[in-house]
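Some notes on the structure that comes next.
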Amino acid sequence: LAPKSATAADGAANADPAAQIIARDILGDRRDHRHGTGGVQIVAARVTDAAGKDTFRVLMGETLSFHVLLEAHEEVAAPRAGIRFHDRFNNLVFSAGSFQVGCPLPPLEPGQRLVVRFDVTMDVEPGQYTFGLGASEPAADQPNAGLALDRIDLLGPVIVGIVRENIRPFYGAA
């Protein structure tokens with residue numbers, strides 16, 4: 001997981017990444033099932049492969065990029081963004097966010113937008129995985145505690161495949 005953040009204003013070199021995310025949004029009707037305080041909301045999300053192609057399919061060990069557009073509805077001094085994956089049995093396979101990987105996000109004022117990108121190497125068994133996206137802020141003085149500002153779950157599925165003629169790099173999760 002390697003989150004990268006950039007404000008929408010930083011997108012001049014990338015032809016407005018916020019507009020690209022909105023145009024290729026994958027949230028669909030899952031946005032109707034969000035929960036959190038709403039201080040920061042997930043506006044749209046997009047999933048791409050290493051070539052920048054929109055997809056939910058990847059081979060074992062390949063990387064998917066999850067582009068998330070956030071918008072503040074209130075002042076948030078230390079926003080965080082995260083992603084989590086569940087297998088077909090709804091077991092949590094992986095979860096991390098900007099705070100865990102040492103990528104602090106800038107403070108947000110109402111109306112400000114921020115694009116966060118998670119590059120995730122899919123070192124998991126072949127199969128289908130749902131994912132969830134979230135925005136939060138710190139709660140109390142506990143490093144592992146947070147206040148959910150927005151969460152949208154059951155997105156996808158991401159389908160991880162293999163090339164049957166090739167030797168698998170591993171079995172299980174790496």
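The values are calculated or read from the model by the stated rules, or taken from the named source; none is laboratory data. Computed from a predicted structure; not experimentally measured. Cβ: placed from backbone, ideal geometry, glycine included. Neighbour counts: every protein chain shown. Heads up: the accessible areas ignore ligands, DNA and RNA and are worked out on the full protein's heavy atoms, side chains in. Shrake-Rupley method; radii C 1.70, N 1.55, O 1.52, S 1.80 Å.
The number of residues in segment 101-144 that are touching a Leu at 6+ places or on another chain (Cβ under 8 Å) and free of Cβ contacts under 8 Å to residues at least 24 places away in the same chain comes to 1.
If you go through segment 113-127 and keep only what is open to solvent by less than 80 Å² (accessible area, probe 1.4 Å) and either assigned to a loop (DSSP other than H, G, I, E, B) or out of contact with any His (no Cβ under 7 Å at 6 or more places or on another chain) (or both), you end up with LEU114, VAL116, PHE118, ASP119, VAL120, THR121, MET122, ASP123, VAL124, GLU125, PRO126, GLY127. If you go through segment 149-168 and pick out every residue that is closer than 22 Å to GLU71 by Cβ and not hydrophobic (A, V, I, L, M, F, W, C), you end up with 3. Limited to segment 15-38, what total is found for residues that are over 15 Å from LEU155 (Cα atoms) and either modelled with pLDDT of 95 or more or touching a strand residue (DSSP E or B) at 6+ places or on another chain (Cβ under 8 Å) (or both)? The total comes to 10.
Residues in segment 56-98 that are among the aromatic types (Phe, Trp, Tyr) and within 20 Å of ALA18 (Cα to Cα): PHE56, PHE66.
Being among the charged types (D, E, K, R), under 21 Å from HIS67 (Cα atoms) and modelled with pLDDT under 95 is the filter here, so list the residues in segment 93-148 that pass it. Within segment 93-148, ASP123 is the sole residue that qualifies. Tallying residues that are within 17 Å of GLU137 (Cβ to Cβ), of a type in the set (S, T, N, Q) and surrounded by fewer than 13 Cβ atoms within 10 Å (Cβ to Cβ) within segment 51-107 yields 0.
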